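Here the structure is laid out as C-alpha cells; the discussion comes afterwards.
The values are calculated or read from the model by the stated rules, or taken from the named source; none is laboratory data. A quick note: this is a predicted structure, and the numbers were derived from the prediction, not measured. Methodologically, a virtual Cβ is constructed for each residue, glycine included, from the backbone with ideal geometry; neighbour enumeration extends over all protein chains shown. To get the accessible areas, we keep the full protein, side chains included, count just its heavy atoms, and leave off ligands, DNA and RNA. Shrake-Rupley method; radii C 1.70, N 1.55, O 1.52, S 1.80 Å.
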Amino acid sequence: MTTADRSPQPTQPACSSTAPPPDRRRAPGPAGQAAGRCISRLQGRYHQDNPAAVADLARLRRGAGKTAHQLQDHWGLGGLEDLAEVLAATGADVRREHAEEAVYLAVTLWALHQQSLRDSNMHHTKGSLGGAVRTLMRKKQSEDPSEDELNEPLRTRLVRVGTAESIESVAVRLREIVLLLRGEQVPLDYARLADQLYRWQSRTERAAVRREWGREFHLAAATGKAGRESGGAAGDSIDHTLSADAEDGGYGSGE
C-alpha cells in the first residue's frame, strides 16, 4: 500500500448539510389549538363567500381590540366554544380566563385582518408577529426606495406592544398593527399569537414572550438580509426554519 493509499480521506463537515434544520416551534397549546381551529373553519367558509361566515366576520371585527365577554353579541363566536371543546378533550390545566382572552383577541384580530381579502389567507402558520412587522417594513421600502428599511414608526408600534402592561392595551396596540398588515396583505400565525397572548398574561412568563417578539423581529431581519445577498426575494423576510422558541444558538424561549 502506498503512502497515498494510507492518507486519510477528507470528511464532510457536519454543518455543510443542505437539509434545512427542523422547525423547532412550540407545539400549539390549548389557546393556539382553539384559535387555529376556529379561524381555519371560518377562513375556508369566508373564501367560499358563505353568507353566514361573511356575517360572522363582520360581527367579530367589531370585537377587535376589545376583551372577551365584553360584547354579548359575540357569545358563541370568537373561538370560546372551540376552547371549551379543546379543554374537554385534552383535560389541559389552564388559566381559563387568560385562555379565553387570548383566543378571543386572536380570532377577532384575524377577522379584522381578513376583511375583504377573499383570495388569500391572513392566518398563516409560518408567520410571527415580529417577522410580520419586519416584512411590512420591507414592503414599505420597496414601494419607496428612499425610505429606510428600519421604519421607525412601525418599529415603535411593535415596541409599544412589548411595553404594554395590560391585556386591554395589548389589544388596542395589536389592532393598530393588524390594520397596517391588512393594507399590505402580510399574514400572521394567529394560533401562535394566541398562545403567546395566553402566556403573556402570566407575570412570570411575560418577559419571555416579549423576548420572543423581539427575536422574531431580529431573526426576520437577519434572514431577509441573507436572502437579498443570495439573490432571494427582498420581501421574503421570514426564514421558516428558524424559531424564536429554539433553545440553542442564543435564541432560547426565555424564562
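Structural remarks
- Matching residues in the range 29-78 - criterion: being within 16 Å of Y190 (Cβ to Cβ), part of a loop (DSSP other than H, G, I, E, B) and of a type in the set (A, V, I, L, M): A64, A68, L77
- Filtering the range 21-39 to residues that are among the polar types (S, T, N, Q) and modelled with pLDDT under 95 leaves nothing.
- Residues that are open to solvent by less than 30 Å² (accessible area, probe 1.4 Å) and of a type in the set (F, W, Y), drawn from the range 26-78: Y46
- Qualifying residues in the range 98-137 (those that are β-branched (V, I, T) and assigned to a helix (DSSP H, G or I)) - the one surrounded by the most Cβ atoms within 10 Å (Cβ to Cβ): V103
- Any pair with Cβ under 8 angstrom, 6 or more apart, that starts in the range 25-44 at a residue that is touching a residue at least 24 places away in the same chain (Cβ under 8 Å) and ends at one that is open to solvent by 50 Å² or more (accessible area, probe 1.4 Å) and of a type in the set (S, T, Y): P30/T90; G36/T125
- Number of residues in the range 138-166 that are at pLDDT 85 or above, open to solvent by 30 Å² or more (accessible area, probe 1.4 Å) and outside any helix (DSSP H, G or I) equals 2.
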